[in-house]
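Please read the structure below before turning to the comments.
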C-alpha cells in the first residue's frame, strides 16, 4: 500500500499521466474518428520533425541524440512529448553572479603547486565552481560504519552554521540521529539548513519542510519551486555534502539512510566511501552549498558567502569541484575524470556503482589501458537496479576488451565513488561514472594531491578488489538485453 501511495502521489506521476493521456489521445482519435486521421497524421509528422530538428541542433551528446531520435521515430507522439518534457535543458537559469571574480589561479596557490601539472589542469577546469585551496587535514572512510560516529560528533560541534545537502533522506535510525543533532544545534542558535532533492526524498512527506521549520531548521527542496517547468525534472541534486562552520566538511557517496551506514541490509554488504576535509577546503565546499541554496534564495548568496571563512592555509593541495544549475553547460566532473585518466602515468583505480560512460570518457579509459597503464574499475556484483546493472556489465565488457581490468564486488552492492591516480592523487565525491551523473545531475567532489590520502584510498580499493570476482561471460539473455538497452543508456 505504501509503495502504491508513493507511485500515485509521487512527484512525477502528474507528468507521466499527462504524457500517457496525450499518447492515448493520439491513438484513440483516429480509431473513433476516422475522418480526423489525416489531420492527426500530418500533425504527428510535423511535431516529430520539429522535435527532431530541435534535438539535432541541441548541445546534447551524440549518444543522447541517438537515443531520443529512436524514441521519436518509433513513437512520434509519445517520444516527441517525452523529449520536450525531459530531454531538453532547463529554460531557466539563475541570473545572478555565477563565477568567481578571479580570472586566474591565485598566485600563492600557483606558486606552491606549480610542479603538479595534473592538479593545475584540474584546478583550471574547476575554477569557476570553487577556488583551489589547501586542506588542513583529509581523512578517507571506506565504509559507512567507520564514518558514522565521527560524522555525528562533528555535527554536534557546530557553533556558527551547519549546512547539509543530500540526494536521499529516508526514515530510519541514522536520519533520526542526524535530525536530533540538527534540532539540538538549531536550539543553540546555530544556523542549520537542510537542502534535499524532491525526487530522491520522495518518501518524505510533502510538509516535511514545515516540520523542520518548527524545529528551527531551515529546509529547502530542490526543484519543487518549478513544478511546471518540466525540463528541470530530469536534472536532480545528487550531491552529498555536510559543512560545519566552514571549517570541516564531508562529501562522498553516502546518503541519510540506514543502509549507507550498515544499520540496514540491502543487496548484501553496502560498501560506500566518504571524505572528511578541514581548513580552506571545507570553506570552499561551503561555498558550493551556498551557491546551490541560492538556486531557491538568490538574494542570500552574498550574505552566505561573507559568512564563510576565507583565506588559504597549509596542508594538502585540494580542488573542490561541482556541477550546478548556474553553469548548465560546464560539466566539470566529466572533464576532471578524463584529465585524470589522460594524466595517469602508472595506474588509475576507479570505484563506481554504475558504469555507463559516454564515448569520450570510455575512450580515455581505453587509451590509458592501451598505453600500458594499470587501469582497474570496480563495480557491484549484486545490483540495485537490474536494467542499469545490465548496461553496466555491457560497458564493462567493452572496456575489458580494450585492456581495462574489471571486477565485481562480490560481498554486495558497491556504492563508493572514488578515484586514485598514481598513488599521488585521489578524488572522492558523489559522481557515478554514467551519463546521468556526468551530464545531467548536480554533483560535487574533491580532488587532493596527498600521498597519504591516495594511499588510503588505494589500499581500500585493493582490499575490495581481493573480495571481488571477474566478469562472467554474458548469457544470451544478457546479450539481448544489452542490445536493446545500449542505445538508451543516456536516458537511464
Inset, instruction - Within region 371-381, identify whether any single residue is over 18 Å from residue 334 (Cβ atoms) and either assigned to a helix (DSSP H, G or I) or out of contact with any strand residue (DSSP E or B) (no Cβ under 9 Å at 6 or more places or on another chain) (or both), and answer yes or no. - result: yes
Legend entry - Lone unmet requirement of (1) buried (at least 19 other Cβ atoms within 10 Å of the Cβ); (2) on the phi < 0 side of the Ramachandran plot for residue 252: (2)
Inset, instruction - Could you grab the pairs with beta carbons closer than 6 Å, sequence gap of 6+ or different chains, first residue in region 424-444 and over 22 Å from residue 132 (Cα atoms), second one outside any loop (DSSP other than H, G, I, E, B)? - result: 433/355; 434/356; 435/356; 435/490
Legend entry - Which numbered condition residue 276 fails, given (1) touching a strand residue (DSSP E or B) at 6+ places or on another chain (Cβ under 7 Å); (2) assigned by TED's automatic domain parsing to the domain that holds residue 248; (3) more than 22 Å from residue 119 (Cβ to Cβ); (4) at pLDDT 90 or above: (3)
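Kindly indicate whether residue 452 is farther than 30 Å from residue 124 by Cα and part of a helix (DSSP H, G or I).
Values: farther than 30 Å from residue 124 by Cα: no; part of a helix (DSSP H, G or I): yes.
When the stated conditions are applied, residue 452 does not pass them.
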Inset, instruction - Determine which single condition residue 151 fails, assuming it passes every other condition in (1) touching a helix residue (DSSP H, G or I) at 6+ places or on another chain (Cβ under 9 Å); (2) surrounded by fewer than 20 Cβ atoms within 10 Å (Cβ to Cβ); (3) in a helix (DSSP H, G or I). - result: (2)
Inset, instruction - Answer yes or no as to whether residue 394 is over 19 Å from residue 464 (Cβ atoms) and either assigned to a loop (DSSP other than H, G, I, E, B) or within 20 Å of the chain's Cα centre (by Cα) (or both). - result: no
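Taking residue 286 as the residue in question, decide whether it is crowded, with 24+ Cβ neighbours inside 10 Å and in a helix (DSSP H, G or I). Give the derivation first.
Numbers: crowded, with 24+ Cβ neighbours inside 10 Å: yes; in a helix (DSSP H, G or I): yes.
It is true that residue 286 is crowded, with 24+ Cβ neighbours inside 10 Å and in a helix (DSSP H, G or I).
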Inset, instruction - Determine which single condition residue 123 fails, assuming it passes every other condition in (1) buried (at least 21 other Cβ atoms within 10 Å of the Cβ); (2) modelled with pLDDT under 95; (3) touching a helix residue (DSSP H, G or I) at 6+ places or on another chain (Cβ under 7 Å); (4) farther than 16 Å from residue 243 by Cα. - result: (3)
Legend entry - Flag if residue 220 is within 25 Å of residue 418 (Cα to Cα) and buried (at least 17 other Cβ atoms within 10 Å of the Cβ): no
Inset, instruction - Taking the residues in region 39-53 that are surrounded by 12 or more Cβ atoms within 10 Å (Cβ to Cβ) and modelled with pLDDT under 80 as candidates, determine which candidate is nearest to residue 357 (Cα to Cα). - result: 44
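The values are calculated or read from the model by the stated rules, or taken from the named source; none is laboratory data. Nothing here was measured: the structure is a model prediction, and the numbers come from that model. With ideal geometry, Cβ positions are generated from the backbone for all residues, glycine too; neighbour counts draw on all protein chains shown.
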